[in-house]
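Asker: First the structure, then my questions, so here it is.
The values are calculated or read from the model by the stated rules, or taken from the named source; none is laboratory data. All figures in this text were calculated on a predicted structure; none of them were measured in a lab. Note that we place each Cβ from the backbone using ideal geometry, even for glycine, and neighbour counts take in every protein chain shown. Areas reflect the complete protein model, heavy atoms only, side chains present, ligands, DNA and RNA absent. Shrake-Rupley method; radii C 1.70, N 1.55, O 1.52, S 1.80 Å.
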Amino acid sequence: QEQRVESGGGLVQPGGSLRLSCLASGSIFSIDAMGWYRQAPGKQRELVASITRSGRITYADSVTGRFTISRDYAKNTVYLQMNSLKPEDTAVYYCNTKRYDSTEYWGQGTQVTFSS
């Protein structure tokens, strides 16, 4: 059974940090890219960061220099370290995996809320 289970969201203060985790299960050996998307209220879902099995990393311009994506192949987990968080980072963050055959799976989402 394919599952992508996120954790690590929550309330964050100005300039604070959070680390999101996503554990993948199922056809894990078929996964090429793992990544994070986010969707803020009233906005479209957007790519935050992704990492392929070969190690190619992509970041959205808005998070470059603040967020770091990493992947633990032994644990089938992808992480998103988020530093220097800003109000505009408030969103539901979704884990995404893409297999070599382009099949995608999504997690249920984890909320990141900016607390002033």
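Asker: Considering only residues that are surrounded by fewer than 21 Cβ atoms within 10 Å (Cβ to Cβ) and touching a helix residue (DSSP H, G or I) at 6+ places or on another chain (Cβ under 9 Å), look in the range 83-116 and name the one that is nearest to Leu18 (Cα to Cα).
Answerer: The selected residue is Phe114.
Asker: While we're looking at this one, here's another question. Which of the residues belonging to the range 49-80 are in contact with an Asp or Glu (Cβ under 9 Å, 6 or more places away or on another chain), of a type outside the set (Ser, Thr, Tyr) and within 29 Å of Pro14 (Cβ to Cβ)?
Answerer: Ala60, Val63, Arg66, Phe67, Val78
Asker: Only one of these conditions is not met by Glu2: (1) within 17 Å of Gly107 (Cβ to Cβ); (2) modelled with pLDDT of 95 or more; (3) in contact with a Ser or Thr (Cβ under 7 Å, 6 or more places away or on another chain). Which number is it?
Answerer: (2)
Asker: Of all residues in the range 20-63, count the ones that are among the hydroxyl-bearing types (Ser, Thr, Tyr), without any contact (Cβ under 8 Å) to a residue 24 or more places away in the chain and exposed (fewer than 14 other Cβ atoms within 10 Å of the Cβ).
Answerer: Adding up the residues that qualify gives 1.
Asker: Another question, if that's okay. From the set of residues in the range 64-82 that are in contact with a strand residue (DSSP E or B) (Cβ under 8 Å, 6 or more places away or on another chain) and free of Cβ contacts under 8 Å to residues at least 24 places away in the same chain, which is most open to solvent (accessible area, probe 1.4 Å)?
Answerer: Applying the first criterion (in contact with a strand residue (DSSP E or B) (Cβ under 8 Å, 6 or more places away or on another chain)) to the range 64-82 yields 66-72, 75-82.
Imposing the further condition that a residue be free of Cβ contacts under 8 Å to residues at least 24 places away in the same chain reduces the set to 66-68, 70, 72.
On the way: Arg66: 28, Phe67: 5, Thr68: 72, Ser70: 50, Asp72: 44 Å².
Filtering the range 64-82 for residues that are in contact with a strand residue (DSSP E or B) (Cβ under 8 Å, 6 or more places away or on another chain) and free of Cβ contacts under 8 Å to residues at least 24 places away in the same chain, the one most open to solvent (accessible area, probe 1.4 Å) comes out as Thr68.
Asker: Please work out which residue is modelled with the lowest pLDDT, limiting yourself to the range 54-65 and to residues that are among the hydroxyl-bearing types (Ser, Thr, Tyr) and part of a loop (DSSP other than H, G, I, E, B).
Answerer: Restricting to residues being among the hydroxyl-bearing types (Ser, Thr, Tyr) and part of a loop (DSSP other than H, G, I, E, B), the top hit is Ser54.
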